[in-house]
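Any read-out appearing in this document is the output of simple, stated calculations on the displayed coordinates, not a laboratory observation. Since the model is a prediction, treat every value here as computed from it, not as a measurement. Neighbour counts are summed over all protein chains in view; Cβ atoms, including those assigned to glycine, are modelled from backbone coordinates with ideal geometry.
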Amino acid sequence: EGGAHLEEEHVHKVYDQIASHFSSTRYKPWPLVEGFIVDIPPDSLVCDVGCGNGKYLGVNKGAHFIGCDRSANLISICNQRGFDALVSDGIRSCWKANTFDYAICIAVLHHFSTVERRIAALNELLRIVRVGGKVLVTVWALEQEKKKYTEQDVFVPWHLQEVTPKKPKKPQYRNPNKKKSDGASSADPSPVVQSPSTLESKAEITSDQESSDSSSSSSAESKQVYQRYYHLFKQGELDELIGHLPNARIEKSVYDHENWYVVFEKTNT
Amino acid sequence: SSIRKIGSTRSNLNFEGEFEGMRLLVHNLIRCTKACMSDDPRLELVASRVDPPESKPFKKQFITMMLPRLNWNLFYNTSKSLGIDVPQQMPDDSTTDEQWQAIHSALLEVNVVEGTLTCPECKRVFPIENSVANMLLNEDEV
């Protein structure tokens, strides 16, 4: 049986094992997501479901963000940075209903392995926001500019490199309109987003680039390769899933940097 | 310097420095993952370790906007158990600055690094270990 078991092996165990390394590669907020976050009014209560290392939790200091994630190691990193975050599941979460003004779920839904579980996760996002509250979901797209995926259900390798965890700097609020290099590779001037074919760091190599990027992979001794499960979304697929929910109204649906980006509103309880 | 080891389930990371645990605002927004007590969902927080509170900027407007979402009784009782006296009623125009400070400190500054969250109905205990609250159910509970 797929579902929870597949996700345990190829999502949750992987993220927990790679947490430090993963966190060290997740430092560049995605402009479109950052723009959505910055527009959130002050004093709003926001849940980041699948918050990872807390990358988005400090972007808008006027709003109050609370994160949750399946990985205890990633939540530790959030707590160390001074954020509110706890370990919770995306389908059965701990939040009371009608609690948040906004929920964001960035590059998470594509880790659910069945249609039913994706709908259940979307339902849960709706449950935890108030009526009139808004949800932002992003997922990796099947349609890519650089790499042509033919299958929707894929395993994307992660080459683990040892990273000594050091205390991360408390994230500073950044003006999303200003392009700023965070000390990342200067050869990568474009906004960096999480997508199958965009290299965020030399450590994350897709199976396609393994052969062509031998120079970047040989510089680091990779101790282990983990396979992360992804379901890549076709155009309109996410919208159709949201259509299954009786109390969701889609406000915006766009393709951006190899991701589908959808905002929907809770219309009633 | 002390290096704190994260002792929970399968993690093996060692960090120097401080962790911030569960604040009472967050405690007030969660309920048993089994969705018990649909009328009055809450968890009982028992703290075995509370680190010195991290100072946070006082925002009266934010706290005011949180009030409709809070179970004040739960907040009052939990604050008391952690040694903070907040007013028994929700703040209004008569609330003094000192009372507001106590509310702010209890809601947003004090945080529980070690403790338990217990469902009054099913008695399930969710742990807070090394600042990490784990609200996951086991396989046989799902």
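Summary table below
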| item | result |
| --- | --- |
| Residues satisfying the stated conditions in the stretch A:92-124, i.e. among the charged types (D, E, K, R) and within 13 Å of chain B (Cβ to nearest Cβ) | A:R92, A:K96, A:D101, A:R117, A:E124 |
| The stretch A:7-54, residues that are without any contact (Cβ under 8 Å) to a residue 12 or more places away in the chain and more than 21 Å from A:Y230 (Cα to Cα) | A:D39 |
| Subset tally (residues that are small (G, A, S) and either in contact (Cβ under 8 Å) with a residue 60 or more places away in the chain or more than 8 Å from chain B (Cβ to nearest Cβ) (or both)) for the stretch A:71-91 | 4 |
| Qualifying residue in the stretch B:89-107 (condition: within 14 Å of chain A (Cβ to nearest Cβ) and touching a helix residue (DSSP H, G or I) at 6+ places or on another chain (Cβ under 9 Å)) | yes |
| Subset of the stretch B:42-69 that is more than 10 Å from chain A (Cβ to nearest Cβ) and of a type in the set (A, V, I, L, M, F, W, C) - its residue that is surrounded by the most Cβ atoms within 10 Å (Cβ to Cβ) | B:L45 |
| Filter result (surrounded by fewer than 17 Cβ atoms within 10 Å (Cβ to Cβ), under 25 Å from A:R92 (Cα atoms) and among the aliphatic types (A, V, I, L, M)) within the stretch A:120-164 | A:A120, A:V131 |
